[in-house]
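This report concerns only the one structure given below.
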Amino acid sequence: MAEQTNLEAIFALRKKSIDNNNHPITKVVGKQLSQFGFSTQMVHEVMNEVCVRAAKCPYQISNPEAWFKVTSFNIVREKSRDRERIEFNDSDDYSNSASSDEVEESDDVVIKGKTIDYYSPFLKKAWNESLSPDERFILSVKIFKDKSWKEVTEAVAKYNDKPTTESNMRQKGCRALQKLKNAITDFQTTGNPQ
């Protein structure tokens, strides 16, 4: 029997799985979609993307079924990351960005397309009451603006007009995040800050 090309092998798997909803590949892709919070109705969309990637694959696929599963997982993960990406102004001018005081009083902090109030009143309360202005600024640049620690360090240096190191920023950011998590937990259990 002649060896199948990548595309032929992947299309054969796709056809088998589309024809049979109980096919192992259909189940795996459906489970992957569910794991990332997507509708299982996207199975065919993911399978089509797998076929596109197989057509572009520069090497011979030795185990098409395993390749199909891994590639579909990567596609679902990419879709999840795209969905969760925070949209912010890509401006690198931190001097014009919101100060920590503006972030503190703003109801318009947006995470994944929804205001902070949508996620939890405890998050807003913890943000405002448990973090210092510097901690809020560090986390807002790192998390909301999706910047690297190097960029956070540069922003904080401009904000405070004093130099600092990247490792110092990482430590402060990690401590601030832990402080925020602890405060949220405290607020949720007691309803009041400790």
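The figures follow:
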item	result
Number of positions in the range 53-84 that are more than 23 Å from the chain's Cα centre (by Cα) and either exposed (fewer than 12 other Cβ atoms within 10 Å of the Cβ) or of a type in the set (Gly, Ala, Ser) (or both)	9
The range 131-151: number of residues that are more than 20 Å from the chain's Cα centre (by Cα), under 17 Å from residue 163 (Cα atoms) and buried (at least 17 other Cβ atoms within 10 Å of the Cβ)	2
Residue ID - surrounded by the fewest Cβ atoms within 10 Å (Cβ to Cβ), chosen from residues in the range 20-38 that are over 16 Å from the mean Cα position of the chain (by Cα) and assigned to a loop (DSSP other than H, G, I, E, B)	22
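Read-outs throughout are calculated quantities, based only on the coordinates presented, and are distinct from any laboratory measurement. None of the values given here were measured: they were computed from a predicted structure. A quick note on method: Cβ atoms are made from the backbone with ideal geometry, for glycine too, and the neighbour counts reach across all protein chains shown.
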